[in-house]
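The values are calculated or read from the model by the stated rules, or taken from the named source; none is laboratory data. Because the structure is predicted, anything quoted here is derived from the model rather than measured. Here the Cβ positions follow ideal geometry from the backbone for every residue, glycine too, while neighbour counts run over all protein chains shown.
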Amino acid sequence: MIKILQISMLLIALIFTPFLAIAHGSDHSQEGKKWSLKNNTQVLEAHYISFSDELVYLKDSKSNAILKFPITDFSMEDQLLILRQSEMSEKINLHHSKVIHLEATSTTKKISKAKAAIALVVLLLMFVSIALYFSFSKIRKPAIVSLFCSFFVFAIIACSAEEEELPEELVTVTPPAPPETDTDTSTDTNTSTVSDTTTDTSTDSNTNDESSSSEESSAIESIKKHFEEFTGVTITNDEDFFYINSYSWPEHSMGVGITSWQEQVPIPQNYTGSNSWVIPLNPKKAQTPLSTEDHLLKGALAVAINGVPIFNVYNNRGENAYEIGELDNWGGHFGRGDDYHYHLIPTHLEEIVGTDQPLAYALDGYPVYGYTEETLDEAFGYEDSNGNYRYHANTASPYFMPYVVGEITLDPDSTAPEDQIYPQPVQNPIRPSNNFKPVNGAAVTAFTQTGTNAFSFEYTVSGKKYYVNYSWDDNCKFTYTYVDENGGTTNLPTYGAITDSSQNIEVYTNVSFCQDVNLGEATYTNSTDDTNSSTNNTDEDLTTETGDTTTDSSATGFSATSENSNFTLSSSAIDSSGALLDAYKCEQKVNGVEKSIPMSWSNIPAGTGKIAISIHGYPNPSETNSYLTLWDIDPSVTEIAYGGANDGDWFIGPNKDGAGLSYTSPCSPNGATSTYYMTIYALSETPPSLLAKSASEHIEIDYLTLIGYFDEVTILDKVELEYIATSL
């Protein structure tokens with residue numbers, strides 16, 4: 001009996017020992033998959049667990065830690081694998097997929113495949129033992145022993161199911177940041193427990209796939225990038241619209257090339273805040289496109305990426321503005337609101353942003369591009385490969401947007417054809433322009449910035465040049481001066497711009513302009529190049545040292561300020577580079593008198609009794625020329641207007657030739673450039689000896705004679721403004 005029991009147990013041991021060895025040896029022996037992460041130079045080896053709420057759960061092959069990553073951190077191949085695995089898991093409801101949920105218990109029990117196989121063999125042996133017991137009476141006792149031993153082994157296997165502990169922590173691992181670059185790509189690598197519901201799993205958006213951003217956020221960021229090349233433009237937005245804020249002041253030249261000029265000149269406009277351009281973020285096509293030949297002859301159809309609006313190519317009289325010569329070389333001109341705007345798509349901006357970027361956005365929300373070889377519809381547009389509509393420039397009349405295809409609202413206070421899209425910003429005109437008319441034969445030939453908030457507008461009629469010189473001060477006083485190329489003021493071809501034909505100077509005050517526009521922000525290029533070009537200008541420090549003074553173009557016209565105080569001397573006739581404008585050269589004498597250069601000054605030193613002024617030059621080291629000499633000027637006087645040197649309550653010295661009491665304008669030989677010095681003196685009083693001589697002999701008092709008397713008094717301060725003049 002004992003021998004039979006021993007043989008049975010030995011037989012069972014021989015049968016089950018290999019299986020037990022296999023069962024023990026297979027624990028944790030499987031290798032995990034190697035996962036590729038986008039922003040990690042290392043490869044992660046781990047087992048896939050599940051995919052839920054855009055997070056992928058993995059079990060680290062080495063530490064058994066449960067890791068989670070955003071699916072966007074994986075390579076595209078691994079993302080597809082994860083999605084397929086997740087789909088399979090959902091279909092067959094695998095048991096191990098339940099383990100990764102946060103509500104899972106801390107431990108679970110399972111029987112390995114090897115032990116399950118042993119259990120099946122033991123169970124089979126048990127059935128065999130029972131069968132032998134009832135079939136053969138002679139071997140009942142061995143059968144009972146075999147059955148008992150089999151049951152004992154089966155019980156051991158059933159009770160020895162392996163416990164696999166899940167880690168107490170669910171580790172949130174964010175891949176290490178890539179090598180340092182100029183941009184901040186750092187990520188949060190802190191861990192958090194399962195119970196922590198505020199775990200930060202965010203990463204730098206630059207390292208995530210573009211699909212992780214919402215469409216709306218992506219759209220507005222893309223729109224903002226199209227405008228970022230131009231510093232004078234800002235973009236804001238809400239859920240439905242984006243807003244273009246600008247002063248409608250381009251960084252290229254203006255006016256040059258117009259052959260049908262209607263007397264307007266430009267000033268900046270306040271298209272900001274509540275007066276900005278409103279563009280829908282999600283444009284929709286209208287049921288019926290609206291013809292721009294029969295509608296919208298007033299106001300803008302689009303806004304360029306430099307902040308300048310684009311009006312209908314048809315003007316408010318229904319004429320094609322381009323074909324009748326109203327537009328400059330950049331496709332724009334000046335309106336009755338004293339505003340600059342385009343009437344064509346500014347394709348020259350492609351030189352800055354490229355040919356694949358929009359040049360404007362229409363007020364219906366669709367982008368506007370330059371020329372294309374694509375087949376265009378009746379509105380000069382088409383749908384791109386993504387199904388997005390876009391307008392384009394066309395070489396055929398009317399050159400852009402014959403129709404508005406998007407949904408718009410018309411201004412309820414306007415009627416066709418002079419209706420307009422609502423809402424639109426309003427302009428801030430300075431001069432009443434109802435009586436302005438086209439100047440026959442006029443061609444705009446130059447537009448020059450002569451200082452901060454000071455400009456000279458040049459046009460030519462029958463070969464003769466005329467100028468509108470205008471500026472404004474910090475009190476919003478606008479001064480417009482009209483002259484011909486010789487400084488003359490009669491027979492000016494202005495046709496209504498001057499309300500009183502007996503004068504050539506007009507002054508307007510517009511307080512709202514000062515409130516609306518930051519006067520220091522208007523920048524402009526003085527280029528008169530008649531080709532289509534754009535130049536990005538930034539405010540530059542034009543300050544240069546000139547003897548004991550500092551020349552500064554930040555004041556009206558060209559200015560110089562004393563080093564000892566803020567005593568300042570200025571002239572609107574000198575441009576920002578320190579060159580005299582052509583309009584003030586070679587003045588024609590009237591009754592032996594030339595019109596003097598305009599001058600102004602400010603911040604006169606306290607205690608000043610009288611002021612003296614001189615304009616002089618040095619044609620050679622041993623010679624001094626006097627062009628204007630004034631003295632005994634009361635300190636209450638702060639300016640001498642153009643041509644006013646002979647009209648004040650002060651004394652005036654001789655012109656350069658000593659032939660009369662007058663000013664002498666620069667008129668050098670052809671091609672020559674000369675340097676001039678305009679100097680103002682703040683004196684304690686007029687020298688007594690000079691006063692005595694002034695009564696009868698002031699024809700002899702030139703610059704050198706004037707300063708020779710200053711030893712008798714105190715010079716409280718002086719300012720010297722140096723400038724140049726090149727012959728016409």
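Screening TYR709 with (1) touching a residue at least 40 places away in the same chain (Cβ under 8 Å); (2) of a type in the set (Phe, Trp, Tyr); (3) out of contact with any Phe, Trp or Tyr (no Cβ under 6 Å at 6 or more places or on another chain) gives one miss only, at (1). Please enumerate the residues belonging to region 400-422 that are within 18 Å of LEU359 (Cβ to Cβ) and over 27 Å from the mean Cα position of the chain (by Cα). If the condition is that a residue be within 18 Å of LEU359 (Cβ to Cβ) and over 27 Å from the mean Cα position of the chain (by Cα), then PRO402, VAL405 are the ones that fit.
Restricting the search to region 664-678, which residues are in a strand (DSSP E or B), modelled with pLDDT under 90 and not hydroxyl-bearing (Ser, Thr, Tyr)? Answer for region 664-678, where residues must be in a strand (DSSP E or B), modelled with pLDDT under 90 and not hydroxyl-bearing (Ser, Thr, Tyr): there is none. The residue that is surrounded by the fewest Cβ atoms within 10 Å (Cβ to Cβ), among those in region 637-663 that are in a loop (DSSP other than H, G, I, E, B) and within 46 Å of the chain's Cα centre (by Cα), is THR638. Considering every residue within region 712-719, establish whether at least one is more than 26 Å from ILE574 (Cα to Cα), touching a residue at least 12 places away in the same chain (Cβ under 8 Å) and in a helix (DSSP H, G or I). Yes, there is a match, as at least one residue in region 712-719 is more than 26 Å from ILE574 (Cα to Cα), touching a residue at least 12 places away in the same chain (Cβ under 8 Å) and in a helix (DSSP H, G or I).
Among the numbered conditions (1) in a loop (DSSP other than H, G, I, E, B); (2) at pLDDT below 50; (3) within 28 Å of GLU485 (Cα to Cα), the only one that SER577 does not meet is (2). The set of residues in region 590-613 that are assigned to a loop (DSSP other than H, G, I, E, B), more than 12 Å from VAL719 (Cβ to Cβ) and of a type in the set (A, V, I, L, M) comprises ILE597, ALA606.
The residue pairs whose first member lies in region 385-411 and is closer than 17 Å to TRP277 by Cβ, whose second member is among the small types (Gly, Ala, Ser) and in a loop (DSSP other than H, G, I, E, B), and whose beta carbons are closer than 6 Å, counting only pairs six or more residues apart or on different chains, are GLY406/GLY365.
Taking region 212-283 and the strands (runs of 3 or more DSSP E) fully enclosed by it, no element has 2 or more residues that are touching a residue at least 60 places away in the same chain (Cβ under 8 Å) and more than 27 Å from LEU327 (Cβ to Cβ).
The number of residues in region 380-403 that are within 17 Å of LEU297 (Cβ to Cβ) and in a loop (DSSP other than H, G, I, E, B) comes to 6. Any idea which of (1) under 30 Å from ASN469 (Cα atoms); (2) more than 29 Å from the chain's Cα centre (by Cα); (3) buried (at least 18 other Cβ atoms within 10 Å of the Cβ) is the one PRO425 doesn't satisfy? All conditions are met except number (2). Residue pairs whose Cβ atoms lie under 6 Å apart, separated by 6 or more positions or on different chains, with the first residue in region 443-454 and of a type in the set (A, V, I, L, M) and the second assigned to a strand (DSSP E or B), are ALA443/THR460; VAL444/TYR459; ALA446/GLU458; ALA454/SER471. Here are TYR703, TYR676: which of them is among the aromatic types (Phe, Trp, Tyr) and within 45 Å of the chain's Cα centre (by Cα)? Of the residues listed, the single one that is among the aromatic types (Phe, Trp, Tyr) and within 45 Å of the chain's Cα centre (by Cα) is TYR676. If you go through region 614-636 and keep only what is polar (S, T, N, Q) and part of a strand (DSSP E or B), you end up with SER614, ASN620, THR624, ASN625, SER626, THR629. Residues in region 291-332 that are in a strand (DSSP E or B) and at pLDDT below 95: TYR314, ASN320.
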